[in-house]
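What follows is one structure encoded as structure tokens, with my remarks underneath.
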């Protein structure tokens, strides 16, 4: 199955089909990407690129298809401009996969 979500980013209209549910390899790929990205500081554009390089493999592992013009889920091809729209697109993709990923984790007994 898949979950189709419409991009909320005006500059990048289209849809993304996310695998739903995520498999173990997909969850592990995303978890590894989160760990790598969390260890980075993002103060400069070069730092942001390192963040993109860390996150995109984990996101791509969870995407069945991406139907957004000009968007390829590879670090060297992912859009960098316009700055705000590109960052919004990345944040949205992370949020969508994170929502699926959190469904794979057992509930926290302290919550």
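Going through the stretch 21-53 one residue at a time, which ones are within 20 Å of residue 67 (Cα to Cα) and touching a helix residue (DSSP H, G or I) at 6+ places or on another chain (Cβ under 6 Å)?
22
Under 7 Å between Cβ atoms, which residue pairs at least 6 apart in sequence (or on different chains) link something in the stretch 7-26 that is on the phi > 0 side of the Ramachandran plot and modelled with pLDDT of 95 or more with a partner that is surrounded by 15 or more Cβ atoms within 10 Å (Cβ to Cβ) and assigned to a loop (DSSP other than H, G, I, E, B)?
What qualifies is 14/7.
Under 7 Å between Cβ atoms, which residue pairs at least 6 apart in sequence (or on different chains) link something in the stretch 91-111 that is surrounded by 10 or more Cβ atoms within 10 Å (Cβ to Cβ) with a partner that is at pLDDT 65 or above and part of a helix (DSSP H, G or I)?
Cβ pairs passing all conditions: 93/59; 94/55; 94/59; 97/30; 97/59; 101/27; 101/30; 104/27.
So, in the stretch 79-111, of the ones that are in a loop (DSSP other than H, G, I, E, B) and in contact with a helix residue (DSSP H, G or I) (Cβ under 6 Å, 6 or more places away or on another chain), which residue ends up modelled with the highest pLDDT? Reasoning before the result, please.
Residues of the stretch 79-111 that are in a loop (DSSP other than H, G, I, E, B), as a first pass: 79-82, 103-111.
Right, trim to in contact with a helix residue (DSSP H, G or I) (Cβ under 6 Å, 6 or more places away or on another chain) and you get 79-80, 104.
Details: 79: 97, 80: 94, 104: 58.
Per the criteria, the residue is 79.
Which count do you get for residues in the stretch 32-55 that are part of a helix (DSSP H, G or I) and exposed (fewer than 14 other Cβ atoms within 10 Å of the Cβ)?
Within the stretch 32-55, the subset part of a helix (DSSP H, G or I) is 32-38, 45-55.
The next check asks that each one be exposed (fewer than 14 other Cβ atoms within 10 Å of the Cβ); those that pass are 35, 38, 45-47.
Result for the stretch 32-55: 5.
Tell me whether the stretch 56-72 contains one or more residues that are free of Cβ contacts under 8 Å to residues at least 60 places away in the same chain, over 19 Å from residue 1 (Cα atoms), outside any loop (DSSP other than H, G, I, E, B) and under 11 Å from the mean Cα position of the chain (by Cα).
Yes, because at least one residue in the stretch 56-72 is free of Cβ contacts under 8 Å to residues at least 60 places away in the same chain, over 19 Å from residue 1 (Cα atoms), outside any loop (DSSP other than H, G, I, E, B) and under 11 Å from the mean Cα position of the chain (by Cα).
Go through the stretch 69-90 and report how many residues are in contact with a strand residue (DSSP E or B) (Cβ under 9 Å, 6 or more places away or on another chain) and under 21 Å from residue 30 (Cα atoms).
Within the stretch 69-90, the first condition is being in contact with a strand residue (DSSP E or B) (Cβ under 9 Å, 6 or more places away or on another chain), and the residues that meet it are 69, 71-73, 89.
Still in the running and under 21 Å from residue 30 (Cα atoms): 71-73, 89.
Total satisfying the criteria: 4.
The values are calculated or read from the model by the stated rules, or taken from the named source; none is laboratory data. Not measured: the values here are computed from a predicted model. Every residue, glycine among them, receives a Cβ derived from its backbone with ideal geometry; neighbour counts consider all protein chains shown.
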